[in-house]
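Visitor: Quick one: the structure is below, questions incoming.
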Amino acid sequence: MNNHWIPSSGTDGKKLGYIPVGYKLMLTFTLFTLLLVSVNFYISHSMYDETMREQTRVNIQGTLQQIRDNVAYKVDDIVQTSATLYDDPAFIQSVRRNLSGAENYVRMNNVILPKLESAAKAVGLNLRLSVYFHNQTVYEKYKNWNHEINQDFNEQTYDIYHMTRVSNEFWYFTLPGEKYNATMIWRQVEEDERDGRISMIRRMVDMNNPLQIKEVGIMRFSVRLSQLFDSVDYTKLGDGSMLSVLDPFGNVVFTSGPSVEDNYDTLIKINEPTGLTAHDQKHYLIIEENLPQKNWKIVAQVPLNIIEQEAKRVRTILIVICIICVVLFTYTGYVISRSFSKRILKIVGVLNAFREGDLHKRIAYRGKGEFPQIANALNAMGEDIEALIKKVYLTQLQKKEAELEMLQTQINPHFLYNTLSSINQLAKFGKTEKLQDMVVQLAQFYRLTLNSGRILIPIVLEIEQANAYLDIQKVKYGQRMEVTFDIDTNIWPYETIKLILQPFIENVLKHAWSGDRIHIRVSVKQEGDDILYRIIDDGLGMKQERIQEILDPQDHSHTGCGIRNIDQRVKLHYGSEYGVSIFSKVGIGTSVQIRIPARSRNSNPDKKAAE
């Protein structure tokens with residue numbers, strides 16, 4: 001339905017071959033009307049007591065899950081804090097040692113007390129940390145909580161006791177067997193029940209012998225129930241609701257909300273193994289959510305009159321839906337115009353993509369209207385422009401290669417003349433061995449230079465061509481020229497455009513001499529996804545203004561044309577981010593860097609075009 005029709009006098013819509021926009025508007029209004037009536041009918045007949053009860057249960061279940069997560073977060077904080085003592089072998093070994101005098105004083109003040117103070121203050125809760133050590137040489141340090149019934153200490157505190165104080169206590173005897181990093185219980189012990197607190201109890205053990213875990217002591221983190229379960233708030237469920245926390249034995253640990261008339265123990269009878277059940281008893285909806293950290297449960301007790309409130313809310317929703325329907329009819333024209341604007345924006349998006357160089361973007365409309373015709377025209381235009389750009393690119397590439405061949409034909413005769421002159425001198429003085437080497441290197445140089453007319457060659461051949469050129473020049477310059485090659489072996493599988501090293505080496509020998517000797521270093525390395533050529537000399541150097549003139553693509557003078565040619569060839573083959581860069585300082589030397597992508601012959605996208 002992406003066609004557009006503009007009626008005019010004497011035009012019969014049936015002759016256009018597609019549905020006119022007037023019919024589309026009528027169909028749209030009809031569908032809207034049917035849809036709204038159907039929705040109202042469905043809501044009126046479907047959302048009755050069971051649907052509302054299920055929806056309420058889901059909402060309450062979500063609230064319980066949030067409450068569970070909040071409680072679990074605080075429990076995890078306390079468990080993680082206890083782990084700082086449990087998993088600290090240095091602390092455990094220090095506690096086990098029998099010390100006295102100054103050594104014991106140092107241990108208490110430098111190891112035990114700072115560690116316990118840090119653990120007591122690690123969680124933003126009103127914690128009481130109590131530790132019980134088997135080692136009798138550790139000093140006891142504690143506060144008498146029996147005389148502090150009515151006081152609320154906001155600061156985090158810690159107490160140190162000897163194990164003899166609790167060794168006969170029932171809660172100590174009933175601790176389960178130790179499993180590494182897993183055994184811990186939550187229970188109200190000592191003064192917890194009186195002060196409205198609950199403790200997380202956990203052993204401290206020595207793990208030096210995994211076959212025999214030795215108990216060093218007991219740590220007890222006592223926290224207020226009101227702080228641990230502050231998110232267990234019945235007001236989140238509605239008036240008349242009640243939230244309770246039950247331990248694994250069914251005992252009520254914490255309750256929020258008004259009490260109910262019936263006995264709570266007989267009201268909650270949830271035996272299903274799923275742990276996520278709801279049933280109705282005496283006008284209440286009972287829902288539970290497990291606390292996995294302690295195998296406890298959060299139980300919600302919600303009066304059914306809340307569901308009736310939900311039914312009123314649904315009726316309000318129906319009224320709102322009717323109002324929305326009126327608004328929808330009012331703004332139908334706006335919606336339709338927006339539909340057309342979206343199509344136009346698609347066309348504008350394609351045009352902007354063309355302007356930014358993305359000629360692969362296409363647009364498609366079905367039908368026989370004006371928009372499909374515009375889309376077809378834009379697609380055809382994109383294909384034509386893309387073909388034209390490819391043609392111009394290949395033309396420019398061929399032009400640069402022709403310039404390279406012309407430059408090579410200018411260089412080679414002069415180079416050949418100088419080389420033959422050197423051969424003549426060697427023959428005159430009877431240096432047949434040097435003469436033979438020079439002829440072999442000359443043949444090697446021209447074989448690699450011609451290279452069957454190919455433009456892309458393996459990097460190893462480019463290096464061999466540069467080396468052959470240098471071997472010939474060594475006959476002329478002898479000990480005055482020193483050459484060092486630094487080649488990364490990782491570059492052998494890759495290709496390069498030919499004749500990019502030798503022109504820079506020749507440029508050094510022509511223009512960089514600053515004395516009787518010169519040193520040239522040729523480096524080829526792989527850096528990431530790129531290949532970097534570097535030709536470094538210790539010659540005269542250049543000023544920055546001279547470098548800018550050489551690399552200026554608008555400069556058409558003969559000076560530096562070989563360097564510009566190589567830079568433009570690299571950019572044409574690989575992109576504008578690659579090419580030649582020159583770093584030089586007068587009196588110190590010059591470093592030329594050529595960056596190309598690391599591409600093997602099979603993966604080179606420009607191979608066919610270049611050849």
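Visitor: One residue is enough: does the stretch 411-421 have a residue meeting the conditions modelled with pLDDT of 75 or more, of a type in the set (Val, Ile, Thr), assigned to a helix (DSSP H, G or I) and buried (at least 17 other Cβ atoms within 10 Å of the Cβ)? Please lay out each step first, then the result.
Guide: Here is the first cut: in the stretch 411-421, the residues modelled with pLDDT of 75 or more are none.
No, there is no match, as no residue in the stretch 411-421 is modelled with pLDDT of 75 or more, of a type in the set (Val, Ile, Thr), assigned to a helix (DSSP H, G or I) and buried (at least 17 other Cβ atoms within 10 Å of the Cβ).
Visitor: Run residue 495 past the list (1) farther than 18 Å from residue 585 by Cβ; (2) surrounded by fewer than 21 Cβ atoms within 10 Å (Cβ to Cβ); (3) touching a strand residue (DSSP E or B) at 6+ places or on another chain (Cβ under 6 Å); (4) of a type outside the set (Val, Ile, Thr) and report the number of the one that doesn't hold.
Guide: It fails just one condition, (2).
Visitor: Okay, moving on. When the stretch 543-563 is examined, which residues are found to be part of a helix (DSSP H, G or I) and either at pLDDT below 80 or not basic (Lys, Arg) (or both)?
Guide: 544, 545, 547, 548, 549, 550, 551, 561, 562, 563
Visitor: Report the residue count in the stretch 476-498 for those that are in contact (Cβ under 8 Å) with a residue 60 or more places away in the chain and among the β-branched types (Val, Ile, Thr).
Guide: Count: 3.
Visitor: Being out of contact with any His (no Cβ under 9 Å at 6 or more places or on another chain) and not β-branched (Val, Ile, Thr) is the filter here; which residues of the stretch 215-226 pass it?
Guide: Within the stretch 215-226, 219, 220, 221, 222, 224, 225, 226 qualify.
Visitor: Six or more apart or on different chains, Cβ under 9 Å: which pairs go from a residue in the stretch 66-91 that's surrounded by 20 or more Cβ atoms within 10 Å (Cβ to Cβ) to one that's of a type in the set (S, T, N, Q) and at pLDDT 90 or above? Could you list them?
Guide: none
Visitor: Given the stretch 171-246, what strands (runs of 3 or more DSSP E) lie entirely inside it while holding 2 or more residues that are under 40 Å from the mean Cα position of the chain (by Cα)?
Guide: 185-187, 197-206, 214-224
Visitor: In addition: When the stretch 478-492 is examined, which residues are found to be touching a helix residue (DSSP H, G or I) at 6+ places or on another chain (Cβ under 9 Å) and surrounded by fewer than 16 Cβ atoms within 10 Å (Cβ to Cβ)?
Guide: Passing the criteria: 485, 487, 492.
Visitor: Output the residues belonging to the stretch 180-200 that are touching a Phe, Trp or Tyr at 6+ places or on another chain (Cβ under 7 Å) and aliphatic (A, V, I, L, M).
Guide: 189, 198, 200
Visitor: When you go through 442, 470 one by one, which is the residue that is surrounded by 20 or more Cβ atoms within 10 Å (Cβ to Cβ) and modelled with pLDDT under 85? Before you say what the answer is, go through the steps one by one.
Guide: Details: 470 fails: modelled with pLDDT under 85.
The unique qualifying residue is 442.
Visitor: Confirm whether residue 167 is under 42 Å from the mean Cα position of the chain (by Cα) and among the small types (Gly, Ala, Ser). Before the answer, list the steps.
Guide: Details: under 42 Å from the mean Cα position of the chain (by Cα): no; among the small types (Gly, Ala, Ser): yes.
Taking the combined requirement at face value, the residue does not satisfy it.
Visitor: Sticking with this structure for a sec: Inside the stretch 514-542, can you point out the residues that are touching a Leu at 6+ places or on another chain (Cβ under 7 Å), at pLDDT 85 or above and more than 24 Å from residue 442 (Cα to Cα)?
Guide: 525 - this is the single residue of the stretch 514-542 that is touching a Leu at 6+ places or on another chain (Cβ under 7 Å), at pLDDT 85 or above and more than 24 Å from residue 442 (Cα to Cα).
Visitor: For residue 216, state whether it is β-branched (Val, Ile, Thr) and within 22 Å of residue 65 (Cβ to Cβ).
Guide: Considered against the rule, which asks whether it is β-branched (Val, Ile, Thr) and within 22 Å of residue 65 (Cβ to Cβ), residue 216 comes out as no.
Visitor: Of everything in the stretch 570-585, what is surrounded by fewer than 15 Cβ atoms within 10 Å (Cβ to Cβ) and in contact with an Asp or Glu (Cβ under 6 Å, 6 or more places away or on another chain)? Give them in sequence order.
Guide: none
Visitor: Something else now. Keeping to the stretch 468-508, report how many residues are more than 27 Å from residue 454 (Cα to Cα) and either hydrophobic (A, V, I, L, M, F, W, C) or under 43 Å from the mean Cα position of the chain (by Cα) (or both).
Guide: 3
The values are calculated or read from the model by the stated rules, or taken from the named source; none is laboratory data. Here the structure is a predicted model, which means the values were calculated and not measured. We place every Cβ from the backbone using ideal geometry, glycine too, and count neighbours over all the protein chains shown.
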